[in-house]
Amino acid sequence: MTDDFEVQDTSGLTDADWAEINKLRRTYKRGGRKAVGLALEKLAKDPIRFVVVIGALYPDMMREMIRDQMAEAGISPERPVEGSWPAGPDPKRALAKPVATALTAAQHREPDRFQRTNLTRYNALS
């Protein structure tokens, strides 16, 4: 099972994501499958981090799960949800509170150490 925690897709992983992956590895070494199950339940309380971490470990499985969930909801890349792509701007939607999605939340995550270092250098040069 140790091989199960081999990261397949490192793109976009932050320091916090790596910390969760390493925590899962340590949990397995100390407590086995049952302990990992509990750790995954705890990780699932943060759905965005859960998707990122599990997606890094099992990218094919995560894509398949997302496709299956979309299919169950009647969504496909060829036929999006009715009304999900309005013809023009809707004034009622413009005033409504924006809905947080996995993508928007992932885009607004705290910058990781590398990004903070580059921002600090950039600000120093400005």
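Assorted remarks:
- Across the options PRO47, ALA35, GLN69, the greatest Cα extent toward the positive end of the charge dipole of region 2-79 (unit charges at beta carbon of Lys, Arg, Asp, Glu) belongs to ALA35.
- Each Cα pair under 8 Å and six or more residues apart adds its sequence gap; the mean of these over the residue count of region 1-77 is a relative contact order of 37 percent.
Computed from the coordinates by the stated procedures, all read-outs in this text should not be read as laboratory data. On a predicted model such as this, the values are computed, not experimentally measured, just so you know. Virtual Cβ from ideal backbone geometry, glycine too; neighbours counted across all protein chains shown.
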